[in-house]
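A short write-up of the structure that comes next.
The values are calculated or read from the model by the stated rules, or taken from the named source; none is laboratory data. In this text, all values refer to a predicted model and were calculated from it rather than measured experimentally. We place every Cβ from the backbone using ideal geometry, glycine too, and count neighbours over all the protein chains shown. Surface areas here come from the heavy atoms of the whole protein model, side chains and all, with no ligands, DNA or RNA. Shrake-Rupley method; radii C 1.70, N 1.55, O 1.52, S 1.80 Å.
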Amino acid sequence: METTGAGGPAELAKPERPVDPRIPSQPTGATGGVGTPNGAAGGANGAAGGAGGAGQAPEEHIFGAGPPAQLYLPTDWLNFLEDGDNRDAARRRYEQLMGRLYPNMPAEGHREIVDGLMLWRDSLWTGGFLAHGIISVPADGGEKAAFWQILVAAMKLPPTNAELDTSALLQRMVGSSELDYLTHVEQYQTEMGLGLGLIGRPPITLPGGDIARGSDGEPRRTGMAAALSYAPGAEFGIIAIGSCLEPEQDRQLAMMVALIAGKSKLITGEEEAGQENAAVPSAGPVPAAG
């Protein structure tokens, strides 16, 4: 099964330069300096000191900040954040994409879609996310169509007891009312040391909070997978979160998410980002759906 984009099998590779989550882009109208998590005071996320925020404590963000990240990503998926903090380059790429997808649509329609994509792109980037990838594959023979979305970010880790087995704790919580959609939890080894993977089938929640239900009255579900990679005792880690429309594709999605989080790393200490640019081998085709 091949992804859209370059047209070849899904390949994963490290970018030419690390992504620095400490330098988010600044959408038009944002104020403040650069170099603080998710923008500076008065920026897109409304930190203290902005309009109407006098005297209020700044909101704590768990995504963004931290050291630069060397991401291990597919090379032929559609990544909304591929251009990093270069908004002009992102807009040009979206415009070219709309021209290919909807060649007969009037230019005004293209502009409206691109404007919406830019709002989404700015929200993600200033929120601390480093990648938002989409894999879309039509149905082929007996295989169901696949539509996957994966978000990647540097994540601030909560302080924990070194003796606490996080995976064992989550495994005991599987089936509880709060996490009843989780079906699998496991630990695995990553480039940074430790990894924690989750697989689940959450119900589809409609606007207003209602649960979408099928003809049999049972909740309609999607597939999800998440993986967190971190070094023992570290303040930050890398998290990848994925969703798929077909819940039966959750394990194939989990393989991709675990690979992205497990092979990515944060550049810390004496490591030089410029030395992390070596290409990595192809990951081969995306696993077949269903």
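Using a probe radius of 1.4 angstrom, the carbon and sulfur fraction of the accessible surface of region 82-137 is 52%.
For region 239-252, backbone phi angles converted through the Karplus equation (6.51, -1.76, 1.60; θ = phi - 60°) give residue-by-residue couplings of 10, 10, 10, x, 9, 9, 5, 8, x, 5, 8, 5, 6, 5 Hz, Gly and Pro being listed as x.
Averaged over residues, the count of other Cβ atoms within 10 Å places the peptides 73-82, 210-219, 134-143 in the sequence 73-82, 134-143, 210-219, highest first.
Shape analysis of region 177-218 yields a ratio of the Cα radius of gyration to the Kirkwood radius, Rg/Rh, of 1.19.
Annotation: amide H of Leu81 within the under-5 Å range of His132, sequence separation 5 or more or interchain, hydrogens built in the peptide plane. Proximity of backbone amide H atoms, modeled 1.01 Å from N, is registered between Thr222 and Ile204 at under 5 Å, excluding neighbours fewer than 5 places apart on the same chain.
Averaged over residues, the count of other Cβ atoms within 10 Å places the peptides 121-127, 184-190 in the sequence 121-127, 184-190, highest first. Computed from the C-alpha gyration tensor, the three semi-axes of the ellipsoid equivalent to region 84-132 are 22, 10, 8 Å, from longest to shortest.
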